[in-house]
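Below is one structure, written out as structure tokens, with a few remarks after it.
The values are calculated or read from the model by the stated rules, or taken from the named source; none is laboratory data. Everything quoted here is computed from the prediction, not taken from an experiment. Cβ sites come from the backbone with ideal geometry, for glycine too, and all protein chains shown count toward neighbours. The protein model used for the area step is the full one, side chains on, heavy atoms only, and it has no ligands, DNA or RNA in it. Shrake-Rupley method; radii C 1.70, N 1.55, O 1.52, S 1.80 Å.
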Amino acid sequence: MGSEGPKPVTINVTGFKKFQGVPENPTETIVNNLKSFVEKKGLPPGVTFGTCTVLEAAGDGALPMLFKVMESGISSGGSTCDAQVVWLHLGVNSGAHKFAIERQAVNEATFRCPDELGWRPQVEMPLFANQCGLVLLQLFVLEMVLLQFPFCFFQQLPIVPEDGKISRTRQTSFSTKAILEFLKKKGYDVTLSDDAGRFVCNYVYYHSLRLAEQRGSRSLFVHVPPFSRIDEETQMNFVASLLEAIASSC
């Protein structure tokens, strides 16, 4: 009993580079400047600042780097049995006016367009025959249909087929309500969300939640608005407060 200090926690942060429609991603700026920013402000008791990584705004193409930094963060941050390793992912919602704490990710990849590496989930087409001519004919017919009805062919595919249907969700283990209340008391305009989209943010978050569950770490995704809606200084202070909120929830 007596005076136990705060539980040790290592927080690792990721953001994204630019993507279609967002030539300047605020999360890239935040992540690149965050370490020096929080070191000047001072870290909450018990908190160790881990890695800061900017990912490509991509699905499959971002996963090797995501898995690499997550595995290295877990091995370096989990050196003591009581240490908690946390992954905080930041993404931008270009239409948002407030911050959003994402409670879950969905096992669905319905990309509205290819990602920044040119990748898009695709259904493997059954072949009519092994003959090259028939395969080319099939592809030609499909292309003609897509030209006539492009919006009818959003391909609803699971991110992880072994996890089952696209309706499968994975939830963060954090008390998002407690984090929300902490940030609101600080004066930030923030809300909870159950929809991280069906593009790169949701794709990366789903994989992160899955790996975090397997490795005994924790994961959280937060969407931020563009700097044109909430300025850079406010967003830097928000993320610093978010680190405090996360530490208090561990």
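Which of the peptides 202-210, 98-106 is most tightly packed, and how do the rest follow, judged by the mean count of other Cβ atoms within 10 Å per residue?
Ranked by mean Cβ neighbours within 10 Å, highest first: 202-210, 98-106.
Can you give the FRET efficiency for residue 32 and residue 160, using 1/(1 + (r/R0)^6), R0 = 30 Å, r = Cβ-Cβ distance, to the nearest 0.05?
Working: r = 30 Å, r/R0 = 1.00.
After rounding, the FRET efficiency stands at 0.50.
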Near residue 7, which aspartates and glutamates are there with a Cα under 17 Å away, not counting those fewer than 8 places off in the same chain? 82, 244
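Taking the highest mean first, how do the peptides 15-28, 213-226 order by number of other beta carbon atoms within 10 angstrom per residue?
213-226, 15-28
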Over the stretch 180-250, how many percent of alpha carbon pairs lie in each 5 Å bin up to the one with the longest distance? 3, 13, 21, 22, 23, 13, 4, 1
Name the lysines eligible as straight-distance cross-link partners of residue 98: C-alpha to C-alpha under 27 Å, and not fewer than 8 places from it in the same chain. 17, 18, 35, 40, 41, 177, 184, 185, 186
Counting only protein heavy atoms with a 1.4 Å probe and every protein chain in place, the carbon and sulfur fraction of the accessible surface of the stretch 164-243 in whole percent equals 44 percent
